[in-house]
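In what follows, a structure is listed as structure tokens, so that the remarks can point back to it.
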Amino acid sequence: MTTVRQLLDQKGRNIWSIHPDATVFDAVAKMAEKDIGSLLVMEGEELVGIITERHYARNVVLKGKTSPATPVRDIMERHVVIAQPEQSVDQCMAVMSEERVRHLPVLEGKKPIGIVSIGDLVKSIIGDQKFTIIQLEQYIHGGRAIVNG
């Protein structure tokens, strides 16, 4: 079973963040530039929130606010659901489903070491399933199984 640490080792550990006093416009521009759907909101080394495209759509566009004038702190999610590096991808998928979130910052202690999205988890699960299918096909046809490691 793949752990979050293994997933981060495969996909990379880029962490994109923004300060809570930055404007929502700056946050959306940064997400567009980096082709990502979320930013961690950091004050120094402290994770204080998360902002996603969904937060923008629901809290700025639908409420008639203007993104050039709205600070990130006004729309960010302060209750950040996190993952631990040793959690399994399946556990993270369950957390995402339960909490109805699409991005999980990964923390080691209090320090962010990466972020995983629902897409990252799905890709990992599909990869694991493909490997299992290959193993089963080889077993059925009398071949030797390959040890995943």
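FYI, it's all coordinate maths here, none of it is from the lab. Given the structure is predicted, the values throughout are model-derived calculations rather than measurements. Positions of Cβ are generated from backbone atoms using ideal geometry, with glycine treated the same way; all protein chains shown enter the neighbour counts.
Below, the figures for the structure above:
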{"read-out": "Linear extension gain, residue 42 paired with residue 67, 0.36 nm per residue minus alpha-carbon span", "value": "7.1 nm"}
{"read-out": "Mean residue ellipticity (222 nm) of the chain, computed from DSSP H runs ≥ 4 via -39,500 (n - 2.57), nearest 500", "value": "-11500 deg cm²/dmol"}
{"read-out": "C-alpha long axis of helix 24-34 to longest principal axis of the chain, angle in °", "value": "30"}
{"read-out": "Share, in percent, of DSSP beta bridges within the stretch 4-140 that are antiparallel, nearest 5", "value": "80"}
{"read-out": "Around residue 102: net Lys/Arg minus Asp/Glu count, Cβ-Cβ under 12 Å", "value": "-2"}
{"read-out": "Whole-Hz ³J(HN,Hα) from phi, Karplus 6.51 cos²θ - 1.76 cosθ + 1.60, for the stretch 51-58, glycine and proline x", "value": "10, 10, 4, 5, 4, 4, 4, 7"}
{"read-out": "Nearest-ten-degree value, helix 118-140 long axis tilted from longest Cα axis of the chain", "value": "0"}
{"read-out": "Distance in nm between pseudo-label sites at residue 130 and residue 94 (7 Å out along the Cβ direction from Cα)", "value": "2.6"}
{"read-out": "Local electrostatic count, residue 89, Cβ distance below 10 Å [Lys/Arg +1, Asp/Glu -1]", "value": "-2"}
{"read-out": "Relative contact order of the chain, defined on C-alpha pairs under 8 angstrom at six or more residues apart (%)", "value": "25"}
{"read-out": "On Cα atoms only, tilt of 89-99 relative to the major axis of the chain in degrees", "value": "40"}
{"read-out": "The stretch 1-105: GluC sites (Glu not before Pro) in DSSP loop, at most 15 other beta carbons within 10 Å", "value": "45, 86"}
{"read-out": "Globularity index of the stretch 10-94, i.e. its alpha-carbon radius of gyration over 2.2 N^0.38 Å", "value": "1.15"}
{"read-out": "Extension gain (nm, one decimal) between residue 29 and residue 86, 0.36 nm per residue minus Cα-Cα", "value": "17.3 nm"}
{"read-out": "When each of 11/34; 34/110; 11/130 is checked by Cα-Cα distance, pairs over 21 Å", "value": "34/110"}
{"read-out": "Interchain or long-range residues, amide H under 5 Å from residue 114's placed H", "value": "106"}
{"read-out": "Range in the chain, longest, excluding exposed trypsin sites (Lys or Arg not before Pro) [loop by DSSP; at most 12 other beta-carbon atoms within 10 Å]", "value": "14-62"}
